Structure formats: C-alpha cells, structure tokens
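Below: one structure, written as structure tokens.
The values are calculated or read from the model by the stated rules, or taken from the named source; none is laboratory data. All figures in this text were calculated on a predicted structure; none of them were measured in a lab. FYI the Cβ positions are ideal-geometry reconstructions off the backbone, even for glycines, and counts take in every protein chain you see.
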Amino acid sequence: MLKKINLLIIFLSFVIQINLFAESQGNPGEVFPVLVQPNRDYTNLTIEIDGSMYELVALPFSKQGQYINVRDRNIYIIEKDFGESRITIQDSSKVTLSDRDAQRAYKESQLIKKAISISSTQFKSNFKFLKPVDGLISSRYGKKRYINGLPRSPHLALDIAAPTGTKIISPEFGKIILVGDFFYSGNYVVVDHGYGLITSYSHLSKVAVKEGQLIDKGQKIGEVGSTGRVTGPHLHWTVYLNQIRINPEILIDKNYLDTLL
C-alpha cells in the first residue's frame with residue numbers, strides 16, 4: 001500500500017511539473033503574461049485580461065531553448081523553425097559596405113538604439129493594432145536570411161508588399177520619435193506607443209509626419225516605397241517591446257490576447 005502511495009505521489013509531482021512547464025513557456029517573438037498587482041504604477045506594458053492585471057513580457061528570438069526570469073518566474077522560450085528567406089540585391093554596395101557606408105550604418109544603428117530606449121508613460125496601448133498597410137505579407141518574422149547567398153541576421157520584422165505610393169497608417173495612437181533617411185531603411189519613421197511598445201516603418205517613398213508629432217490611430221504616416229536596401233516596394237514593419245523585437249502579426253491578430261491564458 002505504501003509503495004502505491006509513493007508511486008502516486010511521484011506521478012502527481014510529475015504531472016504538476018509538466019503543467020507548470022506548459023504554463024510557463026512561449027514562442028520566440030511573442031509575449032508572455034505575468035500576473036501583477038492592480039492599482040500600481042508600472043513602467044512596462046500592462047493590460048487587463050479577464051479582470052486581472054498582467055505585465056506583457058517579450059520573449060526574445062535570441063533566447064530560444066533557454067529560460068528567462070521575470071518577477072521570480074522562469075519562462076521557457078521554445079525553439080522554433082521559422083524557415084528561411086533568400087533575396088538578391090542588385091546593388092552590391094548595399095551588401096558589401098565600404099568603410100564610409102559601414103560607419104554611416106553603425107551611427108544610424110546607435111541612433112535607433114537610443115530612440116527606442118526611452119518610452120512615454122503618458123499613454124498606453126491595448127495591444128490591438130490595425131494593419132499599417134493594405135498589402136500582401138511577403139516575408140514573416142523569424143526567417144533565416146540569406147542576401148546574395150550570404151547568411152545575415154534573422155528577419156525580425158514583417159514585410160508587407162504593396163505598390164509604391166500605397167498609404168501607410170499608424171496602427172495605434174502614438175508619438176513620432178524619429179524620422180530620417182537611413183542607409184538600410186531608407187525613409188524611416190519610428191512611433192512610440194507608450195510603456196516600451198514602439199514601432200518602426202522602413203523604405204517609405206514619402207513621409208507624412210514630423211518628429212515630436214502626436215498621431216492618431218489610423219492617421220497617415222507616409223507611403224510605401226523602395227528606398228534603402230530593398231528588392232522592391234514594400235513596408236518593413238518592426239515592433240519593439242522593451243527594446244526586444246517581437247512578431248508584428250500578434251498585434252493585428254484580434255484573438256491573440258484570448259490565447260495567452
């Protein structure tokens with residue numbers, strides 16, 4: 001009898017461990033909800049789900065197969081194969097950079113890094129975005145990239161192909177925090193949506209906003225183009241949560257938040 005009880009305890013412990021693991025894992029590039037106390041001021045993005053308050057934690061693409069610890073909770077990031085993308089850039093100077101272009105690209109990367117490091121706490125998104133442009137998804141988040149046959153950094157954004165001149169809108173209320181003409185991104189816009197949630201828009205043919213401007217949900221940001229390093233006209237849309245690039249598709253999935261719990 002004692003042996004049966006011990007076996008039952010071992011079995012129940014194993015089931016509990018599996019359940020805890022299942023509840024504490026997520027896909028790279030997505031978010032994980034961590035329960036927090038209501039009626040407190042948080043600097044990270046929190047939302048209410050079924051009457052409870054949760055902090056949305058970004059699951060870094062680079063941490064696949066590893067745990068991250070948030071508020072004393074270990075969250076496992078699943079390893080996932082996102083496939084690959086192979087493109088050819090006709091202008092080889094955009095692939096093998098001169099010293100001058102390399103210095104320019106580095107300076108611009110530091111400018112972007114600085115811009116996304118600070119976010120407003122004066123407004124907050126509900127994590128439900130509009131699609132920023134009417135077009136077809138041409139390259140999804142997470143794909144391994146090969147440019148002119150050479151391996152490059154993974155594609156941690158969403159590419160939406162559309163004709164040059166197609167209107168690009170802000171998918172959520174926010175503040176324009178950076179506008180410029182960048183080596184890789186071409187005409188480029190960055191929008192702060194508050195509490196660490198930031199989006200950027202690359203390769204525009206025209207920009208319709210200025211730095212410091214508040215912009216409403218659905219308001220025009222600019223137009224699709226092929227400026228910077230591209231193979232054709234499209235919007236390269238990047239979403240950051242606390243400086244971590246997450247999958248933009250989860251924000252335009254109306255049912256995504258319902259799947260978190």
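List of remarks:
- Hey, SER202 small (Gly, Ala, Ser), in contact with a Phe, Trp or Tyr (Cβ under 6 Å, 6 or more places away or on another chain) and crowded, with 16+ Cβ neighbours inside 10 Å or not: yes
- Boolean, TYR141 is within 27 Å of ASP258 (Cβ to Cβ), in the same structural domain as THR43 (by TED's automatic domain parsing) and either in a helix (DSSP H, G or I) or aromatic (Phe, Trp, Tyr) (or both): no
- Considering residues of the stretch 233-261 that are over 17 Å from the mean Cα position of the chain (by Cα) and either among the basic types (Lys, Arg) or at pLDDT 95 or above (or both) only, the residue surrounded by the most Cβ atoms within 10 Å (Cβ to Cβ): HIS234
- Of residues in the stretch 126-138 being out of contact with any Ser or Thr (no Cβ under 8 Å at 6 or more places or on another chain) and in a strand (DSSP E or B), the one nearest to GLY194 (Cα to Cα): ILE137
- TYR106 without any contact (Cβ under 8 Å) to a residue 60 or more places away in the chain and touching a strand residue (DSSP E or B) at 6+ places or on another chain (Cβ under 8 Å): no
- Among the criteria (1) crowded, with 16+ Cβ neighbours inside 10 Å; (2) modelled with pLDDT of 95 or more, the one LYS80 does not fulfil is (1).
- Among residues that are surrounded by 11 or more Cβ atoms within 10 Å (Cβ to Cβ) and at pLDDT below 95, ASN6 is not included.
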